[in-house]
Amino acid sequence: MKIAIVGAGAIGGYLGAKLSLAGEDVTFIARNKNLAAINANGFKLITEDGSEQHAATVRAVQAMADAGPQDAVLLTVKAHQLKDLLPELRALFGPETMVVTMINGLPWWYFHKLAGPYEGRQLESVDPGGVIAQHIEPERVIGSVVYPAAELVAPGVVKVIEGNRFTLGEPDGSRSPRIEALSQAMMKAGFKAPVSKDIRGEIWVKLWGNLSFNPISALTHATLQDICRDAGTRELAANMMREAQTLGEKLGVEFKISLDKRIAGAEAVGAHKTSMLQDVEAGRALELEALVGSVRELGRITGTATPTIDAVYALARLLGKTLVEAKGRLAVQPAA
């Protein structure tokens, strides 16, 4: 299978290296030092047990046209970065190309083939003006939920922290031949790649934590463990999750685990910094709209009040704006 990885970071690198080692024809879309490192040395994985794997045959290109049409395009960039890849992304598309959205938060295609009164609606928070939908036909889309944690420790080198599960799902819940082929390729590479009949429900399980823990951590500089063990922030996260569950259920989402169990799962991760806190410390743009703004929008669409989510969103949005305008970053450092 010809597979393009759009976003040669931690998760993209993990996927691409393992798929290449399993015999798939993998091309990374990369830039700068990552581009040079991959073409010079391939891609190296440092696994959970500290051993190393070397995918020597992968290649990297900067211009998508140099990669040409693919069987599958795996989108592993952040949600707010996707629009900058259009319309060049179309150079990777052939008549049957799958586009697999391995992006945190609510996807732009959320209402595609969603049975009920909201089918065909558009999420302005993640796709203003419908630009993404205009460039990526919804029929190409396969949803995915990314569970592993990994870190790009050097150009072309990824350290796997934990996990190997990538749930896949067609927007209409079908078990199509194409998703079966993709699942088989990923399992051959050593991943758990179950096909879900309810990919939106899977997305919500992860989003439920991301929409609360990410902005709270960005504002407090606390780890997941600290947020869950502090009574005040634990209750704050729980209130955000309750609001989200109320609106999610109006959309037909079935929350298959309890709120307390979801919080306990986050606490069990330990002293882990969320991706949004890492972005604050590195001075990167915050992934706020896909994780929080989109949930607020769903609240308006379904007529559900989200006062706690709104308040935390307002604070995190201003923090992100301040950092962008100052071209700065913010991290807690030991006192002199």
*With each label point set 7 Å from Cα along the Cα-Cβ vector, what nm distance links GLN184 and ARG90?*
3.2
*Set of lysines with alpha-carbon distance to LYS321 below 16 Å, sequence-local pairs under 8 removed*: none
*Hits among lysines - C-alpha to C-alpha of LYS18 under 18 Å, sequence gap 8 or more where chains match*: LYS2, LYS44, LYS159, LYS188, LYS192
*If you look at just the Cα atoms of segment 214-336, how large are its Rg and its Dmax in Å?*
15.1, 53
*Can you put LYS113, LYS261 in order, fewest other beta carbons within 10 Å first?*
LYS261, LYS113
*Give the whole-number value, in cubic angstrom per residue, of the convex hull volume spanned by the C-alpha atoms of segment 269-314.*
96
*Would you list which lysines come within 23 Å of LYS113, measuring only between C-alpha atoms, while excluding same-chain residues fewer than 8 positions from it?*
LYS83, LYS197, LYS206, LYS250, LYS256
*What residues from segment 92-106 fall in the zone where the backbone N is under 15 Å from a label point 7 Å along the Cα-to-C-beta line of ALA65?*
92-93
*Full extension from ASP49 to VAL332: what is 0.36 nm times the residue separation minus their Cα-Cα distance, to one decimal in nm?*
98.9 nm
*Stretch gain in nm, segment ALA282-ASN39, where the contour uses 0.36 nm per residue and the Cα spacing is subtracted*: 84.9 nm
*Give the span of segment 140-274's Cα atoms along each principal axis, as three whole-Å numbers ordered largest to smallest.*
48, 44, 22
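Can you give the extra length, in nm with one decimal, that the chain gains between PHE255 and GLU124 once fully stretched, where that is 0.36 nm per residue apart less the Cα-Cα distance? All intermediate terms of the calculation are to be shown ahead of the outcome.
Working: separation 131, 0.36 × 131 = 47.16 nm, distance 2.45 nm.
Between PHE255 and GLU124, full extension yields an extra 44.7 nm.
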*In angstroms, what radius of gyration and Dmax does segment 77-220 have, counting Cα atoms only?*
15.8, 47
*Distance in nm between label sites at LYS273 and HIS135, each 7 Å beyond Cα in the beta-carbon direction?*
3.0
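In debye to the nearest 20, how big a dipole does segment 92-216 give about its Cα centre with +1 on each Lys and Arg Cβ and -1 on each Asp and Glu Cβ?
Numbers: 12 positive and 13 negative charges, 73 e Å.
In total the dipole reaches around 340 debye.
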_Calculate log10 I(q)/I(0) of segment 131-176 for q = 0.14, 0.34 Å⁻¹, where I(q) comes from the Debye formula with a single equal point scatterer on each Cα and nothing for solvent._
-0.57, -1.17
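How large is the dipole of segment 2-197 about the Cα centre if only Lys and Arg carry +1 and Asp and Glu carry -1, each at its Cβ, rounded to the nearest 20 debye?
On the way: 19 positive and 20 negative charges, 37 e Å.
The dipole magnitude comes to about 180 debye.
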*Once every DSSP H run of n ≥ 4 in the chain is given -39500 (n - 2.57) and the sum is divided by its residues, what mean residue ellipticity at 222 nm do you get, rounded to the nearest 500 deg cm²/dmol?*
-12500 deg cm²/dmol
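What does the highest-first list of 302-310, 280-288 look like by mean Cβ count within 10 Å? Can you show the working numbers first?
Values: 302-310: 16.6, 280-288: 18.2.
The peptides rank, most packed first, as 280-288, 302-310.
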*Along the charge dipole of segment 1-106, which of PRO69, TYR14, ASN32 sits closest to the positive end, that is, farthest toward it, with unit charges on the beta carbon of Lys, Arg, Asp and Glu (+1, +1, -1, -1)?*
ASN32
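Based on a Kirkwood Rh over C-alpha pairs, give the Stokes-Einstein translational diffusion coefficient of the chain at 4 °C and viscosity 1.567 mPa s in µm²/s.
63
Laboratory data are not the source of any read-out in this text; all were calculated from the coordinates shown. All values derive from a computational prediction rather than experimental measurement. With ideal geometry, Cβ positions are generated from the backbone for all residues, glycine too; neighbour counts draw on all protein chains shown.
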